[in-house]
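S.K.: Structure below; questions to follow.
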Amino acid sequence: MKFFLDTADVVAIRKAKEMGMCDGVTTNPSLIMKSGRDHKEVIQEISGIVEGPISVEAISEDAEGMVREAEEFSGWGRNIVIKVPMTKEGLKAVRILKDKGIRTNVTLVFSPSQALLAAKAGAAYVSPFVGRLDDISQDGMFLVAEILDIFDNYDFDTEVIVASIRHPGHVVEAARLGAHIATVPAAVLEKLYNHPLTDRGIEKFLADYEKSKK
Ligand code: G3P
């Protein structure tokens, strides 16, 4: 499973890359706002760090505007993928952008039918938001399982990015289901490394080593 970082924080991206845990990056307007940086400037910097795909979200609500933005954003770096909202206009843009050779990530996916339509439109990625479904007492990971089942039946090239990840359990479940990608917030990536028994084990070994020194 590929790990994308769900952040516009370049320090976190550099750290994850150093550990070999950053196969790509996803951003959205809220994450860019959180970084406190200029949109174009921060995407250009990320593109200089990461070789894999970097998702940048279109803001326009009509297909024409999304295509215009996609053409502009694509010039900001190598491997830019355009995040397009799961709307009729968004899917229109996906089709046009595919013909232009620009890859898209259909975002804000909350149902299997939306994922199916996005794949048919030619999206390179679909992003089911598992945490936001869990927030309204629906099972986000069940949606991922449904989408993977559907995609398994056909020859779609579309990859599933498990998004809106809130905790390590989401990442583990994504891997169990065989999702192509998990886009992980930096804080969740940090938690994936940890286990209290690992810490306790190291402490004990170090203490015993000290005791055995002559
Ligand atoms: O990649 C989409 C993700 O950033 C949304 O996460 O936590 O705002 O639901 P969240």
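The values are calculated or read from the model by the stated rules, or taken from the named source; none is laboratory data. The structure displayed is predicted, hence computed values, not measured ones. Note that each Cβ is placed from the backbone with ideal geometry, even for glycine, and that neighbours are counted across all protein chains shown. For accessibility, only protein heavy atoms count, side chains too; no ligands or nucleic acids. Shrake-Rupley method; radii C 1.70, N 1.55, O 1.52, S 1.80 Å.
S.K.: Could you check how much of the accessible area of the range 1-44 is carbon and sulfur, as a whole percent, using a 1.4 Å probe?
M.R.: On the range 1-44, the fraction of accessible area on carbon and sulfur atoms equals 51 percent.
S.K.: At 222 nm, what value in deg cm²/dmol follows for the chain if DSSP H runs of at least 4 each add -39500 (n - 2.57) and the sum is divided by all its residues, to the nearest 500?
M.R.: -16000 deg cm²/dmol
S.K.: Against the globular-protein guess of 2.2 N^0.38 Å, express the Cα radius of gyration of the range 2-189 as a ratio, rounded to two decimals.
M.R.: So the Cα radius of gyration is 0.95 times the expected 2.2 N^0.38 Å.
S.K.: Tilt of helix 196-212 relative to the longest C-alpha principal axis of the chain, in degrees (0 to 90, nearest 10)?
M.R.: 30
S.K.: Follow-up. Taking the chain as a Gaussian network, Cα atoms linked when under 10 Å apart, which of 172, 84, 144 shows the biggest mean-square fluctuation?
M.R.: 172
S.K.: Mind pulling the angle between the C-alpha long axis of helix 63-74 and the longest principal axis of the chain? Nearest 10 degrees, somewhere in 0 to 90.
M.R.: The angle comes out near 50 degrees.
S.K.: Less than 22 Å apart at the alpha-carbon level, and either on another chain or at least 8 residues along: which lysines does that give for residue 40?
M.R.: 15, 17, 83, 100
S.K.: Restricting things to alpha carbons, find the Rg to Rh ratio for the range 84-192 using the Kirkwood radius for Rh.
M.R.: 0.97
S.K.: Kindly provide log₁₀ I(q)/I(0) values, in the same order as q = 0.13, 0.21, 0.22, 0.25 Å⁻¹, from the Debye equation applied to equal alpha-carbon scatterers of the range 142-197.
M.R.: The computed values of log10 I(q)/I(0) come out as -0.36, -0.77, -0.82, -0.97.
S.K.: How large is the accessible surface per residue of the range 2-189, computed with a 1.4 Å probe and reported in Å² as a whole number?
M.R.: Accessible surface, normalised per residue, equals 46 Å².
S.K.: Still on this structure, I have one more. What does a probe at residue 212 reach in the range 183-206, counting residues whose amide N is under 16 Å from the point 7 Å along Cα→Cβ?
M.R.: 201-206
S.K.: Quick one: divide the alpha-carbon radius of gyration of the range 96-159 by 2.2 N^0.38 Å and tell me what you get.
M.R.: In units of the 2.2 N^0.38 Å rule of thumb, it is 1.13.
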